[in-house]
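This report refers to the structure that appears directly beneath it.
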Amino acid sequence: MTTLSHDERRRIRAQRTRRTAGMVLFLSFVDVFALLPTVGPHVAALGGGDAAIGLAVGAYSASNLPANLVGGMLVDRWGRRRVLLMGLGLAACAVAAYALAATVAAFVTTRILHGIAGGILIPAVFAAAGDRARPGDTGRSFGRLGALIGAAAVVAPAAAGIVRQAVSTNAVFLGIAGLLAVGLLVAWWGVHDRLPEPGATAETRPAVAERAMRSLLAAPALRRVLTATASMTAAVGVLAGFLPRTAEALGATPSAVGGLFTAYAVVAAAVMLSPLAGRVDRGRAVASAGVGLAILALSLALLTFAGALWIAIVASAIFGAGYGLIFPAVTGTTSLSATDATRGRAFGLFNVAFSLGLAVGPPVIGWVAEVAPQVDVFVPAAALCLVVAAWLLGSGRRGQPTQVASAT
């Protein structure tokens, strides 16, 4: 029986993790996106009104935000594999429990538990992917992951709608739980933590600083991309919330509105899979994020003046191009700004910024549009993106992170 050397074992584990992390991430976001069109109708079927639907939708994010920070710390302390398996197991159980919830209160409680599971799962997946990114290929690696998330955003809501119409919402919940269980098995086989260097001990391996969060936030590049992330997701939330109204006013059918978001997702995926995603490894991540936000601002401004449906389609595609530039830049910089000992925390902060933009941006921008009815809702969103873009582009390459970890 052949005994593998330490280096060979490290190489095999790295290859397995690179191949598996994308599949696990895809299934994790299928979970999120498939429930978007499902939660509201299910709560209504349980007898809940508009307030109950809003509470059920918000309960996930309310528990997800603090769980991202706690999950990031657990990822660094316990390892990527252990926390990832725990998150997948908890998420599968929580989604299956949706089918058992007979009251609105029970459903909302389950949503809270599901949010906690997602809060520890996503930082673990991103940290594992960051650990295994080959030197000089971090941007392309996260671009591929972003494309998989985009694929989940396109496929999952439509599939969930078909299953809900053909069978029931409970069938959607049980199907997603089954997919997460498959993800658990795949991760158990394929996701591994780094093997320690020969001779390393608990005393000689890198220790997590007591003030790791403060140290991370002291990195200028990370602060910039966290701001860019929150601005980007605020714009995404405004697009998701108000584009259907704009498109329908231009005569679009519900299916055509879905096509607008497909155009956005397809263009975003194409950009993330292109060589442009590699700019993060050439010291141009912050500039890429700035250019991407400027493109988002252009898209939102175009929607303000859209007088025909084809203009809205073009604007949606332009928005996808901006998103495709930003996502690899912000995720790649988050990974490169951390060490193996702090990457979980870094992605916990990233997910907090991502969720905050979605949670805070649309209601605040919507309020601004209500206070000033002469201002189209896309205008303040475009202004936010443009201001942050100018700040990022003005900062240049100061504080640009460098590769801190090998791919093995």
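The values are calculated or read from the model by the stated rules, or taken from the named source; none is laboratory data. Keep in mind that what you see is a predicted model, and the values were worked out from it rather than measured. Virtual Cβ from ideal backbone geometry, glycine too; neighbours counted across all protein chains shown.
Considering each of Ala315, Ala341, Ala301, Ala289 in turn, give the residue that is outside the structural domain of Pro135 (by TED's automatic domain parsing), in contact with an Asp or Glu (Cβ under 7 Å, 6 or more places away or on another chain) and of a type outside the set (D, E, K, R).
Ala341
So Trp391 clears everything in (1) modelled with pLDDT of 90 or more; (2) farther than 21 Å from Phe29 by Cα; (3) among the aromatic types (Phe, Trp, Tyr); (4) buried (at least 19 other Cβ atoms within 10 Å of the Cβ) except one condition, right? Which one?
(4)
If I ask for residues that are β-branched (Val, Ile, Thr) and surrounded by 17 or more Cβ atoms within 10 Å (Cβ to Cβ), which ones from the stretch 58-103 would you list?
Selection gives Val75, Val83, Val95.
Filtering the stretch 303-321 down to residues that are surrounded by 24 or more Cβ atoms within 10 Å (Cβ to Cβ) and free of Cβ contacts under 8 Å to residues at least 60 places away in the same chain, which residue is nearest to Phe242 (Cα to Cα)?
Ala315
Which residues, counting only those in the stretch 134-160, are of a type in the set (A, V, I, L, M) and more than 12 Å from Ala277 (Cβ to Cβ)? Working first, answer last.
Step one: filter the stretch 134-160 for residues of a type in the set (A, V, I, L, M), giving 145, 147-149, 151-156, 158-160.
Within the stretch 134-160, Leu148, Ile149, Ala151, Ala152, Ala153, Val154, Val155, Ala156, Ala158, Ala159, Ala160 meet the criteria.
Please specify each residue of the stretch 269-297 satisfying the condition of being at pLDDT 85 or above, within 23 Å of Arg134 (Cβ to Cβ) and in a helix (DSSP H, G or I). Explain how you work it out, then say what you get.
At the first step, the residues of the stretch 269-297 found to be at pLDDT 85 or above are 269-275, 285-297.
From what is left, the residues that are within 23 Å of Arg134 (Cβ to Cβ) are 269-275, 285-289.
Within the stretch 269-297, Ala269, Ala270, Val271, Met272, Pro275, Ala285, Val286, Ala287, Ser288, Ala289 meet the criteria.
So, Arg134, is that one assigned to a helix (DSSP H, G or I) and either within 22 Å of the chain's Cα centre (by Cα) or in contact (Cβ under 8 Å) with a residue 24 or more places away in the chain (or both) or not?
In short, no.
State yes or no: is Pro123 part of a loop (DSSP other than H, G, I, E, B) and within 26 Å of Met73 (Cα to Cα)?
It is false that Pro123 is part of a loop (DSSP other than H, G, I, E, B) and within 26 Å of Met73 (Cα to Cα).
Taking the options Val352, Val379, Val360, Val387, name whichever one is of a type in the set (Val, Ile, Thr), without any contact (Cβ under 8 Å) to a residue 24 or more places away in the chain, part of a helix (DSSP H, G or I) and on the phi < 0 side of the Ramachandran plot.
Val387
Just one of Ala56, Ala52, Ala67, Ala62 is in the same structural domain as Thr20 (by TED's automatic domain parsing) and farther than 19 Å from Leu358 by Cα; which is it?
Details: Ala56 fails: farther than 19 Å from Leu358 by Cα; Ala67 fails: farther than 19 Å from Leu358 by Cα; Ala62 fails: farther than 19 Å from Leu358 by Cα.
Going through Ala56, Ala52, Ala67, Ala62 in turn, just one is in the same structural domain as Thr20 (by TED's automatic domain parsing) and farther than 19 Å from Leu358 by Cα: Ala52.
Please indicate, with yes or no, whether at least one residue in the stretch 250-257 is surrounded by 23 or more Cβ atoms within 10 Å (Cβ to Cβ), at pLDDT below 90 and not in a loop (DSSP other than H, G, I, E, B). So that I can check it myself, show each step before the final result.
Residues of the stretch 250-257 that are surrounded by 23 or more Cβ atoms within 10 Å (Cβ to Cβ), as a first pass: none.
Among the residues of the stretch 250-257, not one is surrounded by 23 or more Cβ atoms within 10 Å (Cβ to Cβ), at pLDDT below 90 and not in a loop (DSSP other than H, G, I, E, B), which makes the answer no.
Can you tell me which residue within the stretch 187-215, out of those that are buried (at least 18 other Cβ atoms within 10 Å of the Cβ) and assigned to a helix (DSSP H, G or I), is modelled with the lowest pLDDT?
So, considering only residues that are buried (at least 18 other Cβ atoms within 10 Å of the Cβ) and assigned to a helix (DSSP H, G or I), the one modelled with the lowest pLDDT is Ala212.
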